[in-house]
Amino acid sequence: MALAHNLGFPRIGRDRELKKALEAYWKGELDEAGLRKVGSDLRAAHWKLQQDAGIELLPVGDFAWYDQVLTHSLMFGAIPERFAPKEGKPTLDTLFGMARGVRESACCGGAHAQEMTKWFDTNYHYLVPEVQQNQQFKLSWEQLFEEVDEARAQGYKVKPVVIGPMTWLWLAKTKGAEFNKLDLLDRLLPLYGEIFQRLAKQGVEWVQIDEPILVLDLPQDWKNAFERAYNLLQREPLKKLLATYFGGLEDNTGLAANLPVDGLHIDLVRAPEQYPSILDRLPAYKVLSLGLVNGRNIWRCDLQKALQTLQHAHERLGERLWIAPSCSLLHSPVDLAREDKLDAELKSWLAFAAQKCAEVATLAAAINQPGSRDAAIAESQQVQQSRANSKRIHKAEVKARLAAVKPEDSRRHAPFAERIDLQRARLDLPDFPTTTIGSFPQTADIRKARQAFKQGQISETDYVEAMRKEIRHAVDFQERIGLDVLVHGEAERNDMVEYFAEQLDGYLFTRFGWVQSYGSRCVKPAVIYGDLSRPKAMTVEWISYAQSQTQKVMKGMLTGPVTMLMWSFPREDVSREEQARQLALAIRDEVVDLEAAGIKIVQIDEAAFREGLPLRKSAWQHYLDWATEAFRLTACGVRNDTQIHTHMCYSEFNDVIESIAAMDADVITIETSRSDMELLDAFERFAYPNEIGPGVYDIHSPRVPPASEMAALMEKAMQRIPAQRLWVNPDCGLKTRAWPETEAALKNMVEAAQTLRETV
Ligand code: GLN
Ligand code: ZN
């Protein structure tokens, strides 16, 4: 019998119950018992839901109060000194302290939170473990064992999920004296031994060990350490399923197939091509778990196609075949049944976590009792066909336009050196021109007005006037403090992607399609379901209105194609690059319309440019090529004297600087203040030719830096980039800030620019 199992279920709850409970707890409105009750109710509901869907072996350990990597750090006792409880065991508040930082109080000093970063190439963020050379590990957190008991008491057959020792160490950051993290492996492994022994005593048969780093380019010493680690763990009781996901094993295939464990899970959604070679190399005693249902997107699985692979695998593997989603369903929204307002046809194409479990179970049943699920398979096929042929998806005009794109469409008419002279003549800006990244504070009033408008409580006219008032306020303020290039402030935008997605054809929106981003934060990505086009101008009225309020230059503000794509659920029936090109053409029209309306500078934000990089280096160039091409296709419809800006945050530029240069934006603004301008090294080394605005202050904090501090940062910038090519601006948009600190900081920033003009 092929076994249906799951690698992990979203913990947030279909109504984001966990989010709400966490935030109430942090505010002191819910006590710990209340919070724990919400957690156990969610776990119980999710196990039941999975079991009802037909999953036979249920994950435990996928629940986390904040983040599963953080739970492991606590379990191993890897609690940085600044959070270590003075006495006794760590508590939930220790965990939240590590996640969110601890404020300084009368009794105790403060402690900054652990760093957070993206989990592989997903939009989920984990808390980076901190380890020191003399790091000791000690079993310090009982959650996993408690939840195993809890599930078993409810009658479920469970498979605990742990992050493997190699992946946990890989993700950790060393603190203090430099050393090789791998040296800690021998100290860490005994803990896994202890954990497995305890789980075995609890009656567990299988454990899932997640080692997603096996889909990365691994250094040789890490490959060797994999063998050493698993040879040691081999002695421990329990059957072990090694889970890999988010890509193919490639050069790690032999390594992964031969580790002394009892089963291997592979992701056949991301890397279907690895199936035959793994099947060939897998030792005859091992279970092979095939991840055929996409855990990272919202489309229904093509069951017929999955079944073909499974039938083949079943002939070869028999009882040793397991079936699962490609990765943990953490990255999917919870339950499509909740979508009561979605158009029936669109809804019929989708599957969230609950539905994906049912798909896995259907596949297993179809294998185990041939013929038993013919109706479901036929229905799935019909859905695939309806989607493939739907007029709502395929638009001849969009395809024709894409096909007609010529190489010169993604090239500016003149090289930068010529353009910049024309732009300088037209814009007439001082040296060290000052600007901001786009958004001004999204105040409660703004959000209230939008809410009221969406609920029909105020008219469109009233809403537009409320937003225009915000624009006037932003313009007045910028004029008053003497900024050179103004922005309208983005008051009318809920979110930099959603705002545009709502105005493009080819996007759909869910009401409950929330996915955890980090801790209690969730995102509800828009869904690209069809060919993308722009029915009408999206921003021209707002930006023109803003321009009409000032004699100064007003910068138009758009989100770029790569970021639109990365922060949406993409289609699977066409490539990412094709979707990026469709987006590029749609936004290009907006750029051209802004220019025609008299706007002299247009900024195209590409915040997600770098995070789109594939996990494997060998795939980078292809991505960089189409991503830069999409940006240029967006930007290059304008005259030489129209200035194109782009903005990127959280970026490390060293390894992609060539592509940043290939984007050929006239000005790029980047986040640099926290790195003390070191991020500019890459630009210096490459002799990056265009203009740069290195952020002079961190917008993530309410702190107002003095003008002298910002001027000093600019001096550092000037050591790397010629002064004539530098702009002065904050690190990023100001939407999360309040007005008082925004005003104070920007005043200081303008003063810093003035000082520079006088002294340089
Ligand atoms: N223009 C956007 C803003 O200012 C850019 C945001 C971003 O880069 N994340 O809010
Ligand atoms: Zn930014």
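Heavy-atom accessible area with a 1.4 Å probe sorts E178, E397, E541, largest first, into E178, E541, E397. Over the range 553-613, the pair-distance histogram of Cα-Cα distances with 5 Å bins from zero comes to 4, 19, 25, 22, 15, 10, 5, 2, 0 percent, rounded to whole numbers. Computed from phi, the 3J(HN,Hα) profile of the range 19-30 under the Karplus parametrisation 6.51, -1.76, 1.60 (θ = phi - 60°) reads 4, 5, 5, 4, 5, 5, 4, 5, 7, x, 9, 9 Hz, with x in place of Gly and Pro. Using only side-chain charges placed at the Cβ, +1 for Lys and Arg and -1 for Asp and Glu, the dipole size of the range 1-80 relative to its Cα centre rounds to 80 debye.
So how much slack lies between R703 and R511, counting 0.36 nm per residue of separation and subtracting their Cα-Cα distance, in nm? Could you put the intermediate results ahead of the total?
Values: separation 192, 0.36 × 192 = 69.12 nm, distance 3.59 nm.
Contour length minus the Cα-Cα distance gives 65.5 nm.
What order do K181, K37 take when sorted by accessible area (1.4 Å probe), most exposed first?
Working: K181 40, K37 110 Å².
These residues rank, largest area first, as K37, K181.
Suppose every K and R has +1 on its Cβ and every D and E has -1 on its Cβ; what is the size of the dipole of the range 174-233 about the Cα centre, in Debye to the nearest 20? Intermediate results must be reported in sequence, preceding the final value.
Details: 7 positive and 10 negative charges, 48 e Å.
With only Lys, Arg, Asp and Glu charged at Cβ, the dipole is about 220 debye.
So with the 1.4 Å probe, I'd like the accessible area per residue for the chain, rounded to whole Å². Please report the intermediate quantities before stating the final value.
Numbers: 29750 Å² over 760 residues.
For the chain, the solvent-accessible area averages 39 Å² per residue.
Report the calculated FRET efficiency for E684 and E194 (r = Cβ-Cβ distance, R0 = 51 Å), to the nearest 0.05. After rounding, the FRET efficiency stands at 0.50. Compute the signed sum of charges (Lys and Arg +1, Asp and Glu -1) over the other residues within less than 10 Å, Cβ to Cβ, of Y499. That works out to -4.
Of the residues F226, F196, P212, the one whose Cα sits farthest towards the positive end of the charge dipole of the range 190-234 is F196 (charges of +1 on Lys and Arg Cβ, -1 on Asp and Glu Cβ, taken about the Cα centre).
Normalised by the number of residues in the range 427-553, the mean separation of alpha-carbon contacts (under 8 Å, six or more apart) gives a relative contact order of 27 percent.
The length gained by stretching the chain between D476 and Q503 to full extension, at 0.36 nm per residue less their Cα-Cα distance, is 6.9 nm. Here is the size of the range 617-760 from its Cα atoms: Rg then Dmax, 15.9, 49 Å.
The residue among W65, Q603, L7 whose Cα reaches farthest toward the positive pole of the charge dipole of the chain, with charges on the beta-carbon of Lys, Arg, Asp and Glu, is L7. For the pair D462 and D251 in one chain, pulling the backbone fully straight at 0.36 nm per residue adds 69.9 nm over the alpha carbon distance. If you look at the Cα atoms of the range 287-342, you get an Rg and a Dmax of 13.7, 45 Å.
Over the range 370-517, what per residue volume does the convex hull of the Cα atoms give, in whole Å³? Write down the numbers at each step before the final one.
Numbers: hull volume 39.4 nm³, N = 148.
For the range 370-517, the hull spanned by Cα atoms encloses 266 Å³ per residue.
Computed over the alpha-carbon atoms, the chain gives an Rg to Rh ratio of 0.97, Rh here being the Kirkwood radius from the mean inverse distance. Amide H contacts of T669: T646, H647, M648, G693, each under 5 Å away and 5 or more positions distant or on a separate chain (H built 1.01 Å from N in the peptide plane; Pro and chain starts excluded). Geometric descriptor of the range 66-194, per residue, is 137 Å³ (volume of the convex hull of the Cα atoms). When only the Cβ of Lys, Arg, Asp and Glu is charged (+1, +1, -1, -1), the dipole of the chain relative to its Cα centre reaches about 1160 debye.
Under conditions of 10 °C and 1.306 mPa s, the range 538-648 yields 109 µm² s⁻¹ as its translational diffusion coefficient, taking Rh as the Kirkwood radius over Cα pairs in the Stokes-Einstein equation. Residues whose amide H lies under 5 Å from that of Q132, counting only those 5 or more places away or on a different chain, are K175; hydrogens are built 1.01 Å from N in the peptide plane.
Volume per residue of the convex hull around the Cα atoms, evaluated for the range 233-281, comes out as 71 Å³. With Cα atoms as the point set, the range 612-693 shows a radius of gyration and Dmax of 13.1, 39 Å. Spatial offset of the range 180-214 relative to the range 505-546 amounts to 42 Å, using the alpha carbon center of each.
Given Cα positions, please report Rg to Rh for the range 141-205, the hydrodynamic radius being the Kirkwood one.
On the way: Rg = 14.9 Å, Rh = 13.6 Å.
Reported Rg/Rh, Kirkwood definition of Rh: 1.10.
Suppose a student asked you for the relative contact order of the range 503-649, using Cα pairs under 8 Å spaced at least 6 residues apart; what percent would you report? 25 percent. With all projection directions averaged, the alpha carbon convex hull of the range 705-760 covers 3.9 nm². Between E418 and A24, the modelled label-to-label distance comes to 6.6 nm, taking each label 7 Å out from Cα in the direction of the beta carbon. Remark: spin-label model distance D149-A744 equals 5.1 nm, labels positioned 7 Å along the Cα→Cβ axis. Ligands, DNA and RNA excluded, the heavy atoms of C522 present near 20 Å² of accessible surface to a 1.4 Å solvent probe. On the protein heavy atoms, probe 1.4 angstrom, tell me the percent of accessible surface of the chain carried by carbon and sulfur. Ligands and nucleic acids excluded, carbon and sulfur give 49 percent. Label-to-label distance, A177 versus H394, with points set 7 angstrom from Cα along the beta-carbon direction: 6.7 nm. State which entries of K118/K341; K175/K240; K19/K735 exceed 24 angstrom in Cα-Cα distance in the structure shown. K118/K341; K175/K240, as the Cα separations exceed 24 Å there. Annotation note: trypsin sites (Lys or Arg not before Pro) in the range 385-475 located in DSSP loop regions with a Cβ neighbour count of at most 11 within 10 Å are K391.
Cross-link reach is defined here as a Cα-Cα straight distance under 19 Å, omitting same-chain residues fewer than 8 places apart; for K181 the lysines meeting it are K138, K173, K223.
The values are calculated or read from the model by the stated rules, or taken from the named source; none is laboratory data. The structure displayed is predicted, hence computed values, not measured ones. With ideal geometry, Cβ positions are generated from the backbone for all residues, glycine too; neighbour counts draw on all protein chains shown. What goes into the accessible areas is simple: the full protein's heavy atoms, side chains included, and nothing from ligands, DNA or RNA. Shrake-Rupley method; radii C 1.70, N 1.55, O 1.52, S 1.80 Å.
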